[in-house]
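The values are calculated or read from the model by the stated rules, or taken from the named source; none is laboratory data. Quick caveat, the model's predicted, so the values are computed rather than measured. Ideal geometry is used to build each Cβ from the backbone, glycine not excepted, and the neighbour counts take in all protein chains shown. Only protein heavy atoms, including side chains, enter the accessible area calculation; ligands, DNA and RNA are left aside. Shrake-Rupley method; radii C 1.70, N 1.55, O 1.52, S 1.80 Å.
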Amino acid sequence: MRTLTVLLLLQTLITSAIGQNGQGKISGNINDASGKPLDAASVSLLKMNDSTPTNMATTDASGHFSINHVIAGKYILSASHVGYVSWFSKPVELSPSKASLVVGTIVLESSDASLGQVTVVGKRPLIENKIDKTVVNVEASATNGGLTALEVLEKSPGVMVDNDGNVSLKGKPGVVIMIDGKPTYLSAQDLANYLKNMPASELDQIEIMSQPPAKYDASGNSGVINLITKKNKNNGFNASVTLTAIIARYFKSPNSLNFNWRQGKFNIYGTYGYAWWDGFNDIHATSSLRENAQTPFDRYTYQHTYGRYSDRGQSFRAGVDYFADKSTTIGFSVNGTIDKEWFTSGSSTDFYDSLHNYVQYNLAQSLNRTPQTHFGFSGNLTRKLDNKGSELSIDADYIFYNTQGTITSNNYLYNVDNLPSDAPYLLNGLLPSKIDIYSLKSDYKKILGPDITLEAGVKSSYVQTDNNAIYTLYDDTLKSWQPDTDISNHFIYKENINAAYLNWQQRVGKLSMQLGLRAEQTNTSGNQTVKNVDFAQHYVQLFPTAYFTYKTNDKNTFGISYGRRIERPSYQSLNPFRFQLDRYTYEQGNPNLQPQFSNNVELSYNYKGELNLSANYTMTTDIISDAIITFKEPGDSNYTIYQTSENLASQRNIGLSVNYSKQLTKAWMLNVFFNLYNNHYRGVVDSTDIDVGFTSFNASFNTQYSFKKGWIAELSGFYYAKDYISGVLLADGRGMFSMGASKKIFSGRGTFKLNLRDPLYLMSFNAHSDLDKGLTNTHSIWDNRRIILTLVYRFGKNAGNQVQRRGSGASDEQSRVGGGNGQQ
């Protein structure tokens, strides 16, 4: 806490040292159509040349507003209030000779009245290309109906999702997934499961940032993806219900309820989701194995695994905002998930000797239950410091995960004559896990002038994970279950990260710049209490960022940016426990993992917000990657294979991407994304020297056509070309397309959506590896062809307008809490 105290003092000194600029003043009053003054209406002063907000104010109880400290120049005044149509003025000008302006009384029309008169309703585009990020408006796509959050990500521009649910951006792994600005603190596996159970109907927008500024945690070497959930801003009560039926090999049904009530100084909101999800994974794998590169192959295997997945997941989010006065907002929210998940699989493995003679086979049956409870509590305070947009915010978060996992693995090894060749390998395990996360942060923003903004902030987080593994093995001689002390363990991990940042934004003519520096101090310790092994690490790292954009005119903008980032190991990958899949296959964490670091440079060009071109160069050191280790247990002629995480190699990524999004006609919209990249890996994997480079691409498209009477038709698809995964696994090209349609019903309050996902069943996963100790080939399919029927009904006052939810301070840590059972 001493470090945090110093950082807070530093922020306070910075805050007090900043002065005011500008002497101009604009004032007036705002009433409704009946002449009643409107309290808490928002008034913004926009620069006339590019509509950039410079000053803001809110009306008092008498409807009066006053915008002070205005720099001389030409502006447009805008006024808005929930439940009313926004108002814009004609251009106004302040000069040294005319430093004060009274605009008189502004009258806002009720949006209820306007809805009865206006027949054409504005629609957000599916994709918005901005100079610093790409925004996906989820509800703008008919084929997003009935999908999960993970599946919407899969079809977003530049985003790739592999067979285990791991997300990469523009060919680079290491993406941080945030929800409403908060980290999820989940491992790759648990995050994939969480997003798979999160209905897309809960999402409003997806922000994709390949080069986040200094105010964001430095974690994530390829960028940040922020999922923004829905929250209605209208007065009164508003709600929507989404019901979905998915017809596939196994029935699925993700459903959700969203509500919002706003009156006076209070705004109460909430969401609830329930997902009935069943699926399968069918995997075929062949291997050719040997002791090392100098010896011949002496074992060949063929394995077939069929797994069934089932989950009954519940998720909820609720909160309240209290508007204490026109400058102060206090908020509190709680969110959580309750999952009852299990995965059962049956596998058969055939063993062949060096002459390809069939010698043995192993039959395995496993059952994994991972019921998990997760709760998060957030509190925040936001204080507007002036009418220009300066503000101070404080966020506090507490999050915990509690998993009571169990595993059963029964293995029977037979000779070719169907007689047992060894005693059965019967394993039971109890795998309780608890994660506690505490986070406190403060952000300060000061508008120094119409073209200068200073941001500063501090953050401190503390995480403790407590993982236990209690295994018992059946002793065929004693005919009883005995503790397996070889793989039982108890691992406690603690981590404290303290951070501070400064960020300076300034515009000089057509040139805009943003310079930032973030410092992060990391303190970690781990203790294997059963094995009596512990470790500790302490380090401080600096993460500079720089952005320069040059706007030649209203149509053309050029940019260049640089950023240094870090990717820390997930908490689960540090866990040294063994997770047994069958007699000869298991997964295991690695407590010796080190963080990976990346340096990113990106050039960009934006034309009219429709066309965005970017070129990037990224160098990553000590890259964290999955490693496949092969060895023989003493006295066994078969090979044991386990998967772990290691700092395997360095990676160099060069990429060029194009994103084009345009409303071609009044009825026809098109969005196309293409990314060409080259990855080069260098390192060592299981005694094999890796030095591979590969050029690949990924592409996606979405096109919509609007018909009369509320009908919309849509076609979308994506394709990932053949590419190396972490320099070890070469994945074949894969892709799919979907067709959808939507129709407004119930006088516009309802929407019916039909989505045919992967109707030709094109999507599958095929991969190959070639290491000194073996060759592998894998083929897998899952329940991907689906007919999805979705009904959305909105009720309440002016249902449908959404605003972004406030995020919290616990973003990076939550994204590191668990690898999945694959696409289901």
- [ ] Take each of the peptides 367-379, 501-513, average the number of other beta-carbon atoms within 10 Å over its residues, and list them starting from the highest.
- [x] 367-379, 501-513
Task: Residue-by-residue Karplus 3J(HN,Hα) for segment 304-320, coefficients 6.51, -1.76, 1.60, Hz, glycine and proline x - done: 10, 10, 10, x, 10, 10, 9, 8, 10, x, 10, 9, 8, 8, 9, x, 9
- [ ] Check segment 703-791 and count each lysine pair with an alpha-carbon distance under 21 angstrom, considering only pairs eight or more places apart or from different chains.
- [x] 8
Open item on the list: Give the aspartates and glutamates whose C-alpha is closer than 12 Å to that of residue 446, dropping any in the same chain fewer than 8 places away, or say none.
Closed with: 386, 391, 455
Open item on the list: Along the charge dipole of the chain, pointing to its positive end and built from +1/-1 on Cβ of Lys, Arg, Asp and Glu, which listed residue (306, 508, 579) has its Cα farthest out?
Closed with: 508
Task: Rounded accessible area of residue 619 (nearest 10 Å², 1.4 Å probe) - done: 60
Task: Option label - Cα Rg over 2.2 N^0.38 Å computed here, alternatives (1) 1.41; (2) 1.01; (3) 1.06 - done: (2)
Task: Among 393-405, 94-106, 571-583, the order from most to least packed when residues are scored by Cβ within 10 Å on average - done: 571-583, 393-405, 94-106
- [ ] With both partners inside the chain, how many of the DSSP beta bridges are antiparallel, as a percent to the nearest 5?
- [x] 95
- [ ] Distance between Cα centroids, segment 488-509 to segment 595-673: provide it in whole Å.
- [x] 22
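Once the Cβ-Cβ distance between residue 105 and residue 330 is put in as r, and R0 is 30 Å, what FRET efficiency do you end up with, to the nearest 0.05? Before the final figure, lay out the partial values.
Values: r = 32 Å, r/R0 = 1.06.
According to the calculation, E is roughly 0.40.
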Task: In order through segment 739-751: 3J(HN,Hα) via Karplus (6.51 cos²θ - 1.76 cosθ + 1.60), integer Hz, x for Gly, Pro - done: 10, x, 8, 9, 9, 6, 9, 6, 6, x, 7, x, 9
Open item on the list: Greater than 32 Å separation of Cα atoms is the criterion. Which listed pairs, 133/459; 555/666; 90/215; 90/459, meet it?
Closed with: 90/215; 90/459
- [ ] Would you calculate, for the chain, the mean residue ellipticity at 222 nm contributed by helices, counting each DSSP H stretch of 4 or more residues as -39,500 (n - 2.57) and dividing by all residues, to the nearest 500?
- [x] -1500 deg cm²/dmol
Open item on the list: For a Förster distance of 22 Å, can you work out the FRET efficiency between the beta-carbons of residue 711 and residue 787, rounded to the nearest 0.05?
Closed with: 0.75
- [ ] Apply the Karplus parameterisation 6.51 cos²θ - 1.76 cosθ + 1.60, with θ equal to phi minus 60°, to every residue of segment 467-483 and state each ³J(HN,Hα) to the nearest whole Hz, in sequence, with x for glycine and proline.
- [x] 10, 10, 9, 10, 9, 10, 10, 6, 8, 5, 7, 7, 6, 7, 7, 10, x
Task: Length added when fully stretched, residue 775-residue 508, from 0.36 nm per residue minus Cα-Cα - done: 90.3 nm
